[in-house]
Amino acid sequence: MDTGRRVAGAVLGVLLLSAACGATEYHVSVNGDDANDGSPSRMLKTISAAAALAAPGDVITVHEGTYRERVTPPRGGESDAKRIVYQAAPGERAVIKGSEVVTGWERVQHDTWKVVLPNTFFGDYNPYADPIRGDWFNPKGRVHHTGAVYLDGHWLIEAAAREEALAPAGTVPPWLHPAGEGYLLNVAWLRPAPGSGEAPRIPATGFAAKNGTQNAPCSEGGECIGFILSGHWVTYPNVDFQGGTEQLEIRAASASNGGLIELRLDGPDGEVLGTCPVPNTGGWQSWDTFPVTMRPVSGVKALCLVFRSLRPEAVPEDAGLWYAEAGENDTTIWAQFSGVDPNERLVEINVRRAVFYPDTPYVDYLTVRGFTMEHAATQWAPPTAEQIGLLGTHWSKGWIIEDNVIRYSVCTGVTLGKYGDSWDNTSADTAEGYVETIHRALENGWNRDTVGGHIVRNNTISHCEQSGMVGSLGAIFSTVAGNTIHDIHVRQLFTGAEMAGIKFHGAIDTVIRHNRIFRCTRGIWLDWMAQGARVTGNLFYDNPSEDLFVEVNHGPFVVDNNLFLSPVSLLSVSRGGAYVHNLFAGNFNLLGFDGRMTPYHRAHSTELAGMHDNPRGDDRYYNNLFVGSRGLTGYDEAQLPVYMSGNVFLNGALPSKHEQAPLVADGRDAGFVLVERADGLYLEGSVDPAWTAGPQRQLVTTELLGTAEIPGLPYENPDGTPLRIDADYFGAPRSAENPAPGPFAVPGGGAQALKVWAVGASE
């Protein structure tokens, strides 16, 4: 295994030659030979052989093919100008896999097959003997391993017992869909909302046909429909839309992640008239009325409500299961292959802990560009322990990770985080334990000169069961830009406190800019010490928990020009945040006082300045659009002062009592909807010129934002220069005299169709 580690002794002299003669470009080909010198005519066979030779300033160019090896760069560059570059050859697809092909499967029974592998097959690491563990990890009452089985590139599901893998394919074990889990929402009534007059309510129980659902008591009287799972539907035969209706109201409640209601004409396969996302409302009987903008409909029609999960369907009903037993001499794997012969298909199993990861810290100034990397047997990556990702920097400085496809990691895709030490995973999940981790990190070079300063841009990261990108402390002073991150923690086989598209602890002066994050359990989670961080110009949608979670930060941090389009926009137990020119289409969850004593720092530094508990308040909201959410009423009882001005509240969203003269347009629905077209994603809706009328809004600057109370620091750029938010989501200039609310500096008003993400942008 890991044949890339074989380097012929005769070639070692090339390293000295490179140092003497300047930069060298080493070429790697699947048809090469590690006894070669790496020239275009005598290419090496493995990336690892080239890594053993490369010196600062050198380039490793990898040509078309699949490379099954773990790349462990032994050294880094010397500076940003003299780095070591690992790159796929332009226009060629170079794939690095942490898996090996497995053949020799024997049918056991039904669709279950098995293979017996000698433990020598795995070398010094057997993922099927390595259980996932760590601080803040919740296995949901069973054992999980870092191994994985892939059929034609897609992973199967690890069973909890051998008997489950021996059952007929499609037999769903109880832990995969626990009783009661998966229920989406309850519906009490629906009502067309014509342009004039008020139509009568239609009881949700007045359906003529259904698939699934059950009637249940309703706290508002009578019965509702409930016990709704994804794919259930109900049809109402005679809905009177009168002379023309573009809106429908639905009375719904949810104690789960909620769901999506599709409004279809005639039946479950009919034309989609509109969609209604229903978030968690606080309980199965905590009712809210949700307005739905729909295609204009007139007359008496049959209307069908089709219910979908807001989170992606994590596991198909017929998903194949696998189970492994690692013995002293060999490892047996049982796997369900529904209707196929695995010996006639591509079957792979994880055998490597990582794909591209240095064995030691301080391997600085590397560029990793243009690869497809997949199938890593990664361990859980808590903030207290070494964070090994499919691709990881391992406590280093100055990496550039760009234009890669990173996918199918058992836990984490990209790690910008922590080194390992003797205290790994011993914090007992406590805040005090993590504070000690911070103290040890300071003793181990946690500062601007030693760690962080990475650039992660234009990558596509997907199918990771913990986080797409994680970084405890090591993401300081970094930039994360232009990435697409999706399908993160969607299977939910295990859980814990580290699940998100991007999860950073200690994101000091870190910029997260213009990323697309969707179908992740949550979008971005900034946990502890996001001081000086800026979250700007990102596109969030279809994230079932929330788009942004900020936890026990004291500020100053800035959240501006973002499109928050999921059912929940923000979960906050932080203070010192400045929320500026965002579009908030979802609800707010503002938690109360948190007594944990958490750190803050000196300006633009990792040096600790103090500790403080976490009261609510000291946040700023300027020039945002709130559409159909609960708005800012959660700040009415804040313990610290709050600052709010220039916000617009639409479609039932409510301002806080602390905002003077807010613009509340109760009868105005901008109708914002994200539409996928051949060339990209468009945000369609309408803009009212009246939003910029009346009192003029202020351009948001360092001077306007003032000082975050607890650290006593101003809102400014990472380099210490004054902040001036004078550009919109697209980078277009804003009016300095009266900037328009929301993320777009759109002149005038009326219907808009704005391309917010282009096809090919980090696809």
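Nothing in this text is a laboratory measurement; each read-out follows from the coordinates by a stated rule. Please read all numbers here as calculations on a predicted model, not as lab measurements. Every residue, glycine as well, gets a Cβ built from its backbone with ideal geometry; the counts of neighbours run over all protein chains shown.
Semi-axes of the range 576-716's equivalent ellipsoid from the Cα gyration tensor, sqrt of 5 times each eigenvalue, largest first, rounded to whole Å? Numbers along the way, then the final one.
Details: eigenvalues 190, 64, 51 Å².
Over the Cα atoms of the range 576-716, the semi-axes work out to 31, 18, 16 Å.
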Could you derive backbone 3J(HN,Hα) for the range 277-290 from the dihedral phi with the Karplus parameters 6.51, -1.76 and 1.60 (θ = phi - 60°), listing whole Hz in sequence and x where the residue is Gly or Pro? x, 10, x, 4, 9, x, x, 5, 10, 9, 8, 10, 9, 10
How long are the semi-axes of the equivalent ellipsoid of the chain, defined as square roots of 5 times the Cα gyration tensor eigenvalues? Whole Å, largest first. 45, 34, 23
Helical contribution to [θ] at 222 nm, DSSP H n ≥ 4, -39,500 (n - 2.57), averaged over the chain, rounded to 500: -1500 deg cm²/dmol
Packing-wise, with mean Cβ within 10 Å as the measure, how do 616-626, 267-277, 341-351 rank, highest first? 616-626, 341-351, 267-277
Can you tell me the Rg and Dmax of the range 535-592, counting just the alpha carbons, in angstroms? 10.6, 28
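At most 12 other Cβ atoms within 10 Å and a DSSP loop assignment: could you name the chymotrypsin sites (Phe, Trp or Tyr not before Pro) in the range 29-111 that fit? Don't skip to the answer; put the middle values down first.
Working: sites: Y67, Y86, W105; in loops: W105.
Answer by residue number: there is no such site.
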Among H154, L571, L625, which residue has its Cα furthest toward the positive end of the charge dipole of the chain, with +1 on Lys/Arg Cβ and -1 on Asp/Glu Cβ? L625
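Using the Cα atoms as the points, what is the convex hull volume per residue of the range 473-513 in Å³?
Details: hull volume 2.7 nm³, N = 41.
So the per-residue Cα hull volume is 66 Å³.
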So what's Rg/Rh here for the range 438-575, counting alpha carbon atoms and using the Kirkwood radius for Rh? 0.95
In units of 2.2 N^0.38 Å, the Cα radius of gyration of the range 139-179 is 1.23
Using 7 Å Cα-to-Cβ label points, what is the D429/Q242 separation (nm, one decimal)? 5.4
Work from the charge dipole of the chain (Cβ charges, +1 for Lys and Arg, -1 for Asp and Glu, about the Cα centre) and give the residue of L117, S48, V143 farthest towards its positive end. S48
Compute the helix-to-body angle for 431-443: its Cα long axis versus the longest principal axis of the chain, expressed 0 to 90° and rounded to tens. 40
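Quick one: dipole size for the range 186-309, taken about the Cα centre, charges +1 on Lys/Arg Cβ and -1 on Asp/Glu Cβ, in debye to the nearest 20. Walk me through the numbers before you get to the answer.
Details: 8 positive and 11 negative charges, 24 e Å.
Around 120 debye, computed over the range 186-309.
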Between the range 525-594 and the range 692-744, what is the separation of their alpha carbon centroids in Å? 17
Determine ³J(HN,Hα), in whole Hz, for all residues of the range 263-272 in sequence, where each value follows from phi through the Karplus function 6.51 cos²θ - 1.76 cosθ + 1.60 and θ = phi - 60°; x replaces Gly and Pro. 9, 10, 7, 6, x, x, 9, x, 4, 7
Near the amide H of V568, under 5 Å away, which other amide H atoms are found, from residues 5 or more places off or on another chain, if H is placed in the peptide plane? D547, N587
Could you go through the range 232-244 in sequence order and give the Karplus-derived ³J(HN,Hα) for each residue, using 6.51 cos²θ - 1.76 cosθ + 1.60 with θ = phi - 60°, rounded to whole Hz, and x for Gly and Pro? 5, 8, 9, 10, 10, x, 10, 8, 8, 8, 6, x, x
Spatially near lysine pairs across the chain, Cα under 24 Å, sequence gap of 8 or more or different chains: 9
Convex hull volume per residue for the range 186-309, taking Cα atoms only, in Å³: 87
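Using the crude model of +1 on Lys and Arg Cβ and -1 on Asp and Glu Cβ, and no other charge, please compute the dipole size for the chain relative to its Cα centre, in debye to 20.
Numbers: 56 positive and 87 negative charges, 121 e Å.
Value, rounded to 20: 580 debye.
Taking the square root of 5 times each eigenvalue of the Cα gyration tensor, what semi-axes in Å does the equivalent ellipsoid of the range 306-440 have, largest first?
Working: eigenvalues 203, 82, 71 Å².
Semi-axis lengths for the range 306-440 are 32, 20, 19 Å.
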Once Lys and Arg are counted +1 and Asp and Glu -1 for all other residues with Cβ under 11 Å from that of I725, the total becomes 0
